[in-house]
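Here is the structure we will look at.
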Amino acid sequence: MNIFRFAGDMTHLISIVVLLLKIYATKSCSGISLKTQELYVIVFLARYLDLFTDFISVYNTVMKLVFIGSSLAIVWCMRMHRAVKRTYDKELDTFRHYFLVLGSFVLALLLHEKFTFQEIFWAFSIYLEAVAILPQLVMLQRSGNVDNLTGQYVFFLGAYRAFYILNWIYRFFTEPHFSRWIACLSGLVQTAFYADFFYYYFISWKNNAKLQLPA
Amino acid sequence: SISADVKDEL
C-alpha cells in the first residue's frame with residue numbers, strides 16, 4: 001500500500017459518500033445516470049470474484065464489501081425507492097450502455113493476462129470501469145446545469161483513478177517485477193474521459209460560477 | 001507470481 005493508492009481509495013470512497021449524501025439528503029437522483037451506476041455494480045461484482053477465496057487484508061475485504069454494497073444500494077434506490085425514482089431523468093439517460101458491457105467483455109476475451117475465468121472477468125471489469133462514466137458524462141452534457149453534489153461526485157470519481165495512475169508509476173519504480181499494463185492503459189483512458197469535465201470544473205471553480213458544460 | 005501481487009488493488 002502506498003500513499004497514492006490510499007488517497008485513490010479514499011477519493012473513491014468520498015465520491016460514493018457524496019452520491020449517497022445527495023440521494024438521501026435531497027431524496028433526489030436528478031442528473032444522476034442510472035446506467036452508469038448499473039455499470040459500476042457489474043464492475044465491482046466482476047472484479048471482486050475473489051472476495052471469498054483470496055484474503056489479502058481486512059482493509060481490502062472491507063473496501064470491496066463497501067463498494068459492492070454501496071453501488072447496489074444506489075441502483076436499488078434509483079429503481080425502487082418511491083420518492084427517489086420519480087426524480088430520475090429517464091429521458092436524459094439514453095446511452096446504450098449494453099454495448100459498453102459487450103465491447104468490454106469481447107476486449108477482455110482478446111486482451112488479458114491469463115486465459116482463466118477470474119482473469120477474464122478481472123480484465124472485463126477494468127475495461128468496463130474505464131467506460132462506465134460515459135453515460136453519466138453524456139447525461140451531464142444533455143442536462144446542461146449540473147448541481148454541486150453531482151459535480152463533486154464526478155470530480156472525485158475522476159480524481160480517484162488519477163491517484164491510481166500515480167500509484168502504478170510509484171510501484172513501477174519501486175517493485176522489480178510490477179507489471180500491470182492492462183490496468184495502467186485502461187486507467188489512462190478512463191482518466192482521459194474526464195479531461196474536459198475537469199477543465200470546465202476548474203473554470204467554474206475559478207470563476208466561482210455554476211458548473212456549465214457546453215451542450 | 002506476478003499476477004498474484006497485482007491483484008492486491010481494489
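Taken together, the values in this text are just the output of simple stated rules run on the coordinates, not laboratory data. Worth saying up front: this structure is predicted, and the values here are computed from it rather than measured. Because the Cβ atoms are built from the backbone with ideal geometry, glycine has one as well, and the counts that use them run over all protein chains shown.
Between A:L211 and residues 5 or more places away or on another chain, which pairs have amide H atoms under 5 Å apart, with H built 1.01 Å from N, and which residues are they?
Here A:V146 satisfy the definition.
List the relative contact order of chain A as a percent without decimals, with contacts defined as Cα pairs under 8 Å and 6+ residues apart.
The normalised contact order for chain A reaches 31 percent.
Across segment A:40-82, what fraction of all alpha-carbon pairs, as a whole percent, falls in each successive 10 Å bin from zero upward?
Result returned by the calculation: 29, 47, 19, 5.
Relative contact order for segment A:96-211: what percent, with Cα pairs under 8 Å and sequence separation of 6 or more? Present the calculation step by step, with values, prior to reporting the outcome.
Values: 82 pairs, mean separation 32.6, N = 116.
Dividing the mean separation by the residue count of segment A:96-211 yields 28 percent.
Projecting each Cα onto the charge dipole of the protein assembly as shown (Lys/Arg +1, Asp/Glu -1 at the beta carbon, about the Cα centre), which of A:L166, A:F202, A:Q190 comes out farthest on the positive side?
Farthest towards the positive end: A:F202.
How big, on average over all directions, is the shadow cast by the Cα convex hull of chain A, in nm²?
Averaged projected area of chain A's Cα convex hull equals 12.5 nm².
Going out from 0 in 10 Å bins, what whole percent of all Cα-Cα distances in segment A:15-71 drops into each bin?
21, 45, 25, 9
With an 8 Å Cα cut-off and a minimum separation of 6 or more residues, compute the relative contact order for segment A:1-117 in percent.
Relative contact order for segment A:1-117 comes out at 34 percent.
If we count every other residue with Cβ under 14 angstrom of A:P214's Cβ, Lys/Arg +1 and Asp/Glu -1, where does the sum land?
Combined, the nearby Lys, Arg, Asp and Glu give +1.
Let's see if you can work this out: charge +1 on each Lys and Arg Cβ, -1 on each Asp and Glu Cβ, no other charges. What is the dipole magnitude of segment A:1-135 about its Cα centre, in debye to the nearest 20?
My answer is approximately 580 debye.
May I ask for log10 I(q)/I(0) of segment A:121-171 at q = 0.16, 0.27, 0.31 Å⁻¹, from a Debye sum over the Cα atoms as equal point scatterers with solvent left out?
The Debye formula, applied to the Cα set alone, gives -0.59, -1.07, -1.15.
For each of A:L137, A:L188, count neighbouring Cβ atoms within 10 Å of the residue's Cβ, then give the residues from fewest to most.
Listed from fewest to most nearby Cβ atoms, that is A:L188, A:L137.
What 222 nm value per residue comes from the helices of chain A, counting each DSSP H run with n ≥ 4 as -39,500 (n - 2.57) and dividing by all residues, nearest 500 deg cm²/dmol?
Numbers: 10 runs with 155 residues, N = 215.
Helix-only estimate at 222 nm: -24000 deg cm²/dmol.
Grab the other residues whose beta carbon is less than 14 angstrom from that of A:Y160, score K and R as +1, D and E as -1, and report the net.
Its environment carries a net charge of -1.
In 10 Å bins starting at 0, how do the alpha-carbon pair distances of segment A:64-142 split up by percent?
Reading upward from the zero bin: 17, 35, 35, 12, 1.
Please report, to one decimal in angstroms, the Kirkwood hydrodynamic radius of segment A:147-215 built from all distinct Cα-Cα pairs.
That comes to 13.5 Å for segment A:147-215.
Project the alpha carbons of segment A:97-199 onto their principal axes and report the range along each, largest first, in whole Å.
Rounded to whole Å, the extents work out to 45, 34, 17 Å.
Ranking A:S179, A:S186 by Cβ neighbours within 10 Å, fewest first, what do you get?
Exposure proxy ranking, most exposed first: A:S179, A:S186.
Charges only on Cβ, +1 for Lys and Arg, -1 for Asp and Glu: so what's the dipole of segment A:75-215 about the Cα centre, in debye to the nearest 20?
Numbers: 13 positive and 9 negative charges, 80 e Å.
The calculated dipole for segment A:75-215 is roughly 380 debye.
Sort A:T36, A:T87 by Cβ crowding within 10 Å, fewest neighbours at the top.
Lowest to highest Cβ neighbour count: A:T87, A:T36.
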